[in-house]
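Reading through the structure tokens given below for one structure.
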Amino acid sequence: MQSFTYHAPRTIPEAVALLTESEGKSVLLAGGTDILVQLRENLRHADHVIDIKQIQDLARLDGNAKQGLYLGSAVTCSQLLRSPITQPYAALRDSAQIIGGWQIQSRATIGGNLCNSSPAADSIPSLMVHGAVAEVINEDGHQNIPVSHFCTGPGKNALAGNGLLLGLAIPEVGTISGSAYQRFIPRYEMDIAVASAASYIELLEDGTVATATIALGAVGPTPLLASDAADMLVGETPEEALIEQIAQEAARIATPINDMRGTIEFRKHLASVLVKRTLQTALRRATGEVVVSHPHV
């Protein structure tokens, strides 16, 4: 690991000033579960490490199902899982509970998982289906970026090394709604998704679909929003045959690669299976059924 200067700012303006002064030669430290490994293994290099854990404004976690949810960028997975106000956001909770073990979850943050911007990040598809918006600040001021547009490539995002993620604003969920996230991993020792999917469904009183959102992970250079497939559900009664058709349609947007964890064909098949299963789980949750989460397949 190369040497670097460690900073622990106490305010947002101080952190932004440090980012600006370092001219792209700094990294932000929230939980540190990704960045410290990358620095140690010389996968990333930085002259300055800016620890944002001391900034109280970034630890904000508040809201409810009717007002929406706000997650500060320093909120850990454990804090999210312990908070009753996050219960309506089931897909996000599915994601948080499989980002490492409980020791990692006590340090890892949803904001950090987003900013690491891995195509296989567990939280990003769930944030996308819940319509999350990233609140960002840099030397030019504030900016709000939909999470669906935040990632620009593997390990790259709209911050471009010059911005600070303040938090994530997540809209209220529908009165009759449900969501779910699942991933496939080859074995528990390899904790990286081969493919993943998240789904959100909101129903009308007559049981037809008012709104639907589907997102895929680990099957492209960035997580993908399957908008056309999701739109096929709107106004329809979600019968099994339709869900199967939509799952296949969603998988068409996948552009995976061949590697040691799976082939292109296998990943596309997985994408379809996971979309189907998350839609089914989201529907069951929307109708009030208590579904024990099994995010691993």
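The values are calculated or read from the model by the stated rules, or taken from the named source; none is laboratory data. Predicted model, so just to flag it, every value in this text is computed and none were measured. Positions of Cβ are backbone-derived with ideal geometry, glycine not excepted, and every protein chain shown enters the neighbour counts.
Couple of notes before you dig in:
- Complete set of residues in the stretch 223-263 that are small (Gly, Ala, Ser) and not in a loop (DSSP other than H, G, I, E, B): Ser227, Ala229, Ala230, Ala241, Ala247, Ala250, Ala251, Gly262
- Residue count for the stretch 39-63 satisfying the condition of being more than 16 Å from Arg107 (Cβ to Cβ), touching a strand residue (DSSP E or B) at 6+ places or on another chain (Cβ under 8 Å) and in contact (Cβ under 8 Å) with a residue 24 or more places away in the chain: 7.
- Selection count, the stretch 197-221, where residues are among the hydrophobic types (A, V, I, L, M, F, W, C), under 12 Å from Pro238 (Cα atoms) and outside any strand (DSSP E or B): 1
- Residue among Thr278, Thr255, Thr208, Thr287 that alone is farther than 22 Å from His130 by Cα and of a type in the set (Ser, Thr, Tyr): Thr255
Residue-wise test of (1) of a type outside the set (Gly, Ala, Ser); (2) in contact (Cβ under 8 Å) with a residue 24 or more places away in the chain.
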{"residue": "Val133", "(1), (2)": "yes, yes"}
{"residue": "Gln143", "(1), (2)": "yes, no"}
{"residue": "Pro146", "(1), (2)": "yes, no"}
{"residue": "Ile170", "(1), (2)": "yes, yes"}
{"residue": "Ser177", "(1), (2)": "no, yes"}
{"residue": "Leu204", "(1), (2)": "yes, yes"}
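- In the set Ala241, Ala193, only one residue is under 28 Å from Phe150 (Cβ atoms), among the aliphatic types (A, V, I, L, M) and not assigned by TED's automatic domain parsing to the domain that holds Leu127; that residue is Ala193.
- Elements of type strands (runs of 3 or more DSSP E) in the stretch 64-152, at least 3 residues being more than 22 Å from Ile201 (Cβ to Cβ) and of a type in the set (A, V, I, L, M, F, W, C): 133-138
- Any hit, the stretch 134-142, residues being under 24 Å from Ser227 (Cα atoms) and buried (at least 17 other Cβ atoms within 10 Å of the Cβ): yes
- Residue match in the stretch 2-11 (condition: outside the structural domain of Val133 (by TED's automatic domain parsing), surrounded by 15 or more Cβ atoms within 10 Å (Cβ to Cβ), free of Cβ contacts under 8 Å to residues at least 24 places away in the same chain and not charged (D, E, K, R)): no
- Filter result for Ser179 (at pLDDT 95 or above, small (Gly, Ala, Ser) and part of a helix (DSSP H, G or I)): no
Residues checked against (1) without any contact (Cβ under 8 Å) to a residue 12 or more places away in the chain; (2) of a type in the set (A, V, I, L, M):
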| residue | (1), (2) |
| --- | --- |
| Pro186 | no, no |
| Ile201 | no, yes |
| Gly220 | no, no |
| Ala226 | no, yes |
| Thr237 | no, no |
| Ala247 | no, yes |
| Thr263 | yes, no |
| Val275 | no, yes |
| Gln280 | no, no |
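- Exactly one residue out of Leu71, Leu114 is touching a residue at least 24 places away in the same chain (Cβ under 8 Å), among the aliphatic types (A, V, I, L, M) and more than 19 Å from Leu225 (Cβ to Cβ), and it is Leu71.
- Any hit, the stretch 25-38, residues being outside any helix (DSSP H, G or I), assigned by TED's automatic domain parsing to the domain that holds Gly163 and surrounded by fewer than 21 Cβ atoms within 10 Å (Cβ to Cβ): no
- Take the conditions (1) outside the structural domain of Thr281 (by TED's automatic domain parsing); (2) touching a Ser or Thr at 6+ places or on another chain (Cβ under 9 Å); (3) under 25 Å from Val275 (Cβ atoms); Ile104 misses just one of them, which is (3).
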